[in-house]
Amino acid sequence: MPENIKTPSGSGQTITSSGTNSDESILIPGASMKGIRVCSKLDDDLGVIVDTIIDPVTARVLYYSVALESGDGATHAVPVARLKYDPERREYISDQSLEQLQSASNQAEILHEDHS
């Protein structure tokens, strides 16, 4: 990442060469999300992130599109709030099992392609 990228004027934030914001929060490009593993609290592999879903009005990431380990080729919209990033393991931890993710009523299949 280039050194000291200024964010839009008035925000007071600076992105540093170490990939952190000037307030020391970690920043990563959206494109680098692709391929990050998603595991359960019990360390079971659940799948991988294949895309992010952003609300164009608020510019907030609302869901991660996750290709589940079920192998059915479908990806599911998993709410951001259901995943917690573990920086040491460099993966997301879900508060749900694979079965719960597959059957969650608020998760729509959003893509129908094989991501293996």
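With the simple spin-label model, which puts each label point 7 Å out from Cα in the Cβ direction, the Asp43 to Glu99 separation comes to 2.2 nm.
A DSSP coil position with no more than 13 other Cβ atoms inside 10 Å describes the following GluC sites (Glu not before Pro) in the range 33-94: Glu88.
For the pair Ile28 and Val57, a Förster radius of 35 Å applied to the C-beta separation gives a FRET efficiency near 0.95, rounded to the nearest 0.05. Under a 5 Å amide H cut-off, with hydrogens placed 1.01 Å from N, Cys39 pairs with Leu46, Tyr92, Ile93, Ser94 among residues at least 5 apart or on other chains. Around Lys41, what is the net charge, scoring Lys/Arg as +1 and Asp/Glu as -1 over all other residues with Cβ under 13 Å from its Cβ? It works out to a net charge of -3. Charged neighbours of Asp86, selected by a Cβ distance under 11 Å, balance to +2 (K, R count +1; D, E count -1).
Only the coordinates and a few stated rules stand behind these numbers; no lab work does. This structure is a prediction, so every number in the text was calculated from the model and none was measured. Don't worry about glycine lacking a Cβ; one is built from the backbone with ideal geometry, like all the others, and counts go over all protein chains shown.
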